[in-house]
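Report on the structure given below.
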Amino acid sequence: MSQRPLEARLRARIAAEGPIEVADYMAEANAHYYATRDPFGADGDFTTAPEISQMFGELIGLWLADLWRRAGRPMAARYVELGPGRGTLAEDALRAMRGAGLAPPVELIETSPVLRAAQAERLSARWHDGLATLPDRDPLLIVANEFFDALPVRQFEGGRELRVRYEGGFVRDGQVETETSPAALEIVDALARRLAAQGGAALIVDYGHDRPGIGDTLQAVFRHAYADPFEAPGERDLTAHVDFHALAVAARAAGVRVFGPAPQGVWLNALGIKLRAAALAKAAPERGAEIAAARERLTGPDRMGRLFKVMALVAPNWPEPAGF
Ligand code: SAH
């Protein structure tokens, strides 16, 4: 029987140690998944907002530049992105920022060697495995789009943590009642401490909910369709809804102000996506229909406009961010 390498490794681990926690399973599966491919776009497994239209990254860049300008244009500010994918959002955001007089050094947090290589083709940057090695003096302008949803979640039935065993296939051993992501909370805590100490802001965009207490949200996507998260680990994208309420509580406790979460559609409209779409369509009339369709996909309540949320963390002495 031909086997995928991660599947064999997980089976061996379970045989040796017994069933593994859902969070461990998710972490191993996603590390393998992202390390071995570029999953984005029509030929891949899923399409993210920056891959839909340049308008997404541009508006984020303008949002950051506006805050930076109102914060008194600190010259040492740095652009930081978590999980930058192909580097598309960063490229679009940095171009928009340059137009506003801001050209910050770029620090990218990315674990996948394949995606680091893709990012290096478009951006000159420094790469990090985690937050610890980021410069610790300068104000940080931080962006994370569809990063937190890839972080592992722990799942519980009552007080019992659910695990994954192997019985001819991978199986979860119970009914999910609650779900938490300690990995996400740890990263938000670290980001918020950095902002409180160094200044700056972070924009977190992801799909998720703003009330705690939702049960099982673990899901798999393969070639643009939902799939079984316990089949073919490492060959499908595993995500879980982001618990924005929990992230906001952690961020406030670490000393920053929190804005949102606002629905992505509402936020992009407040930032003027309509005007940006009109300007792009005027410059390239033959692309008018495509640009209108992209705007609808990013903002439509039945598309990405409502399920996706935007939340900002802002250093105590920085100005109020636009769009909330
Ligand atoms: N922001 C991009 C990509 C989203 S996919 C976009 O919107 O298109 C998730 C990204 O996070 C990928 O770049 C993936 O390699 C990275 N990633 C996932 N888990 C990570 C982790 N634990 N540490 C660092 N990067 C991670």
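The values are calculated or read from the model by the stated rules, or taken from the named source; none is laboratory data. The model shown is predicted, which means the values in this text are computed figures rather than measured ones. Cβ coordinates were reconstructed from backbone atoms using ideal geometry, including for glycine residues, and neighbour counts include every protein chain displayed. Note: accessible area is taken over every heavy atom of the protein model, side chains too, but ligands, DNA and RNA are not part of it. Shrake-Rupley method; radii C 1.70, N 1.55, O 1.52, S 1.80 Å.
The requirement of being open to solvent by 50 Å² or more (accessible area, probe 1.4 Å) and in contact with a Lys or Arg (Cβ under 8 Å, 6 or more places away or on another chain) is not satisfied by Asp129.
Scanning the range 243-252 for residues that are within 16 Å of the ligand (Cβ to nearest atom) and in contact (Cβ under 8 Å) with a residue 24 or more places away in the chain turns up at least one hit.
Report yes if Arg172 is loosely packed, with under 14 Cβ neighbours inside 10 Å, farther than 21 Å from Glu110 by Cβ and not acidic (Asp, Glu), otherwise no. In short, no. Among the residues making up the range 46-61, those that are of a type outside the set (A, V, I, L, M, F, W, C), more than 10 Å from the ligand (Cβ to nearest atom) and open to solvent by less than 40 Å² (accessible area, probe 1.4 Å) are Ser53, Glu58, Gly61. Scanning the range 15-26 for residues that are in a helix (DSSP H, G or I) and either more than 11 Å from the ligand (Cβ to nearest atom) or within 18 Å of Ala225 (Cα to Cα) (or both) yields Ala15, Ala16, Glu17, Val22, Ala23, Asp24, Tyr25. Highlighted here are the helices (runs of 4 or more DSSP H) found entirely within the range 250-311 that include at least 3 residues which are over 23 Å from Thr48 (Cβ atoms): 273-283. Restricting attention to the range 69-95, the residues that are of a type outside the set (Ser, Thr, Tyr) and within 16 Å of the ligand (Cβ to nearest atom) total 14. Of all residues in the range 27-41, those being more than 10 Å from the ligand (Cβ to nearest atom) and either surrounded by 20 or more Cβ atoms within 10 Å (Cβ to Cβ) or part of a helix (DSSP H, G or I) (or both) number 3.
Just so you know, in the range 90-103 the residues that are open to solvent by 20 Å² or more (accessible area, probe 1.4 Å) and of a type in the set (D, E, K, R) include one that is farthest from the chain's Cα centre (by Cα), and it is Arg98. Quickly run through the range 260-297 and pick out the residues that are in contact (Cβ under 8 Å) with a residue 60 or more places away in the chain and open to solvent by 30 Å² or more (accessible area, probe 1.4 Å). Within the range 260-297, Gly260, Leu271, Arg276, Arg295, Arg297 meet the criteria. Figure legend. Inter-residue proximity from the range 126-154: first residues β-branched (Val, Ile, Thr), second residues within 8 Å of the ligand (Cβ to nearest atom) and at pLDDT 95 or above, beta-carbon distance below 6 Å, spacing 6+ or different chains. Indicated pairs: Val143/Glu81.
Pairing residues of the range 52-78 that are within 10 Å of Pro139 (Cβ to Cβ) with residues that are part of a helix (DSSP H, G or I), at Cβ distances under 6 Å and at least 6 apart in sequence or on separate chains, gives Ala77/Trp68. Looking at the range 239-294, which of its residues are among the basic types (Lys, Arg) and closer than 13 Å to Met311 by Cα? Within the range 239-294, Arg252, Arg257 qualify. Taken over the range 138-154, the residue count meeting the criterion of being more than 8 Å from the ligand (Cβ to nearest atom), of a type in the set (A, V, I, L, M) and under 22 Å from Arg172 (Cα atoms) is 1. When the range 62-89 is filtered for residues that are assigned to a loop (DSSP other than H, G, I, E, B), open to solvent by 50 Å² or more (accessible area, probe 1.4 Å) and under 21 Å from Leu271 (Cβ atoms), only Arg73 remains. Only one of these conditions is not met by Val106: (1) surrounded by 15 or more Cβ atoms within 10 Å (Cβ to Cβ); (2) over 18 Å from Thr48 (Cα atoms); (3) within 10 Å of the ligand (Cβ to nearest atom). Which number is it? Checking Val106 against (1) surrounded by 15 or more Cβ atoms within 10 Å (Cβ to Cβ); (2) over 18 Å from Thr48 (Cα atoms); (3) within 10 Å of the ligand (Cβ to nearest atom), the one that fails is (3).
Filtered by the rule that a residue be of a type in the set (A, V, I, L, M) and under 26 Å from Pro261 (Cα atoms), the range 211-243 gives Ile214, Leu218, Ala220, Val221, Leu238, Ala240, Val242.
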